[in-house]
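Starting off with a structure, shown below.
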Amino acid sequence: MIDDVRIAGAAYALPPESEAVADVLERERRRVDAVLAPLPETSRRRAMEGLGLDRVRVCGSRRPYELVRDAAVQALDEAGLSPRRVDLILDYSTLPGEESRYVSFASLLSAELEAEGSLNLAFKAGGCAGLHLALKTAIGWMGADPDIRSALLVCGDTPPPGNRSLLPITVQGDAGSAIVLRRDAGDGPTVLAVEAQTAGYLHDTIRLAERDGRTEILVDSVRMEKEVMPVYYLNLLRLVSKALGQSSLQVSDVNHFIYSNISQRDRDGFRRMLGLPEGALPTTAMAEYGHTFASDLVINYADLRNAGGIHPGQLLLFASAGIGFAWGVTLARA
């Protein structure tokens with residue numbers, strides 16, 4: 001049990017520009033075909049079906065850092081926390097964009113928001129599961145150091161040019177997001193458990209590489225099908241069971257499942273894995289935003305909360321998996 005740590009604020013920001021998924025796939029046709037070529041015909045066809053993504057938001061006039069900053073300001077305001085009182089800032093972006101590649105958003109935010117006393121950290125592990133690793137890290141610091149009573153967790157991802165298609169998995173959109181954690185103060189769900197798991201031997205199934213002076217995302221579709229997918233939902237189920245077990249709870253006790261927007265196919269797989277009926281997962285804006293890596297969970301949580309869907313006492317289960325390869329589950333009570 002984690003004592004007295006609340007999700008006191010959560011917000012996200014999106015670029016105004018968007019692009020049709022069909023246009024992305026056509027523009028990146030050569031890359032898509034090359035990645036899918038090693039797969040059997042049935043697998044290639046399945047990779048193009050059930051995405052549930054119509055458009056993606058794309059950084060144009062807004063840089064990833066600007067989106068992160070806007071989300072952070074809003075989340076801090078929701079949490080009733082002055083930037084000067086932020087004790088820890090943690091950036092868990094995986095693909096922060098070329099201009100931010102060697103600069104931590106945490107350091108930039110600390111300087112711009114005048115969070116003079118903040119401890120600034122950053123890591124690039126976990127991809128879509130990065131939120132859980134960030135929560136685990138921040139809560140660990142809060143538990144070990146009594147002077148750290150608040151934390152700002154931020155994420156902003158955008159792929160290298162020409163790399164929005166991550167088939168056979170998804171198509172990536174851009175977003176910035178932020179979550180504020182507080183101890184002994186503020187409103188918001190109390191974190192009950194955070195569980196994370198990594199599998200380093202799969203780290204190069206999806207990886208960044210330099211080719212002809214350009215950064216590319218390389219996807220090994222054969223390893224995805226033969227090595228990742230056989231354990232993908234199994235590892236999620238293990239973590240769900242572990243997180244719920246700490247509070248002697250069952251899947252049926254959960255009121256809201258907050259899951260990634262990788263694809264509708266993936267969301268259906270997660271739902272079936274837990275034995276949930278159709279419609280059990282809340283509707284999300286995935287069709288218009290695309291998959292935004294680790295920001296998905298913040299977007300889906302914030303939208304559900306802002307729509308009045310979360311009530312006091314209800315249980316929230318956040319779950320996601322991502323490159324690294326990593327899996328994570330967080331349980332909270334509103």
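The values are calculated or read from the model by the stated rules, or taken from the named source; none is laboratory data. Keep in mind it's a predicted model, so treat the numbers as computed, not measured. Cβ atoms come from the backbone with ideal geometry, glycine included; neighbour counts cover every protein chain shown.
With (1) surrounded by fewer than 14 Cβ atoms within 10 Å (Cβ to Cβ); (2) within 16 Å of Leu166 (Cβ to Cβ); (3) small (Gly, Ala, Ser) as the list, and Ser263 as the residue in question, which single condition is left unmet?
Exception for Ser263: condition (1).
Oh, and also: For the range 94-111, how many residues are without any contact (Cβ under 8 Å) to a residue 60 or more places away in the chain and part of a helix (DSSP H, G or I)?
9
Restricting to the range 186-237, and then to whatever is among the small types (Gly, Ala, Ser) and part of a strand (DSSP E or B), can you tell me which residue is farthest from Arg164 (Cα to Cα)?
Ala193
For residues that are under 16 Å from Arg333 (Cβ atoms) and among the β-branched types (Val, Ile, Thr), tally how many sit in the range 180-208.
3
Which pairs have Cβ atoms under 6 Å, sit 6 or more apart or on different chains, and link a residue in the range 112-141 that is closer than 22 Å to Leu208 by Cβ and surrounded by 20 or more Cβ atoms within 10 Å (Cβ to Cβ) to one that is aromatic (Phe, Trp, Tyr) and at pLDDT 95 or above?
Ala129/Trp327; Gly130/Tyr92; Ala134/Tyr92
Considering only residues of the range 112-162 that are hydroxyl-bearing (Ser, Thr, Tyr) and not in a loop (DSSP other than H, G, I, E, B), which is nearest to Ala11 (Cα to Cα)?
Ser150
Given the structure, is Arg211 modelled with pLDDT under 95, more than 20 Å from the chain's Cα centre (by Cα) and among the basic types (Lys, Arg)?
Criteria met by Arg211.
Would you confirm whether any residue within the range 44-57 is assigned to a strand (DSSP E or B) and among the aliphatic types (A, V, I, L, M)?
yes
If a residue must be surrounded by 20 or more Cβ atoms within 10 Å (Cβ to Cβ) and either assigned to a loop (DSSP other than H, G, I, E, B) or in contact with a Pro (Cβ under 9 Å, 6 or more places away or on another chain) (or both), how many such residues does the range 63-91 contain?
Qualifying residue count, the range 63-91: 9.
In this structure, does Asp23 turn out to be acidic (Asp, Glu) and within 23 Å of the chain's Cα centre (by Cα)?
Considered against the rule, which asks whether it is acidic (Asp, Glu) and within 23 Å of the chain's Cα centre (by Cα), Asp23 comes out as no.
Further question: Which residue is surrounded by the fewest Cβ atoms within 10 Å (Cβ to Cβ), if the candidates are limited to the range 1-45 and must be over 25 Å from Ala75 (Cα atoms) and among the hydroxyl-bearing types (Ser, Thr, Tyr)?
Filtering the range 1-45 for residues that are over 25 Å from Ala75 (Cα atoms) and among the hydroxyl-bearing types (Ser, Thr, Tyr), the one surrounded by the fewest Cβ atoms within 10 Å (Cβ to Cβ) comes out as Thr42.
Say whether the condition of being in contact with a helix residue (DSSP H, G or I) (Cβ under 6 Å, 6 or more places away or on another chain) and more than 30 Å from Glu19 (Cα to Cα) is met by at least one residue in the range 275-291.
no
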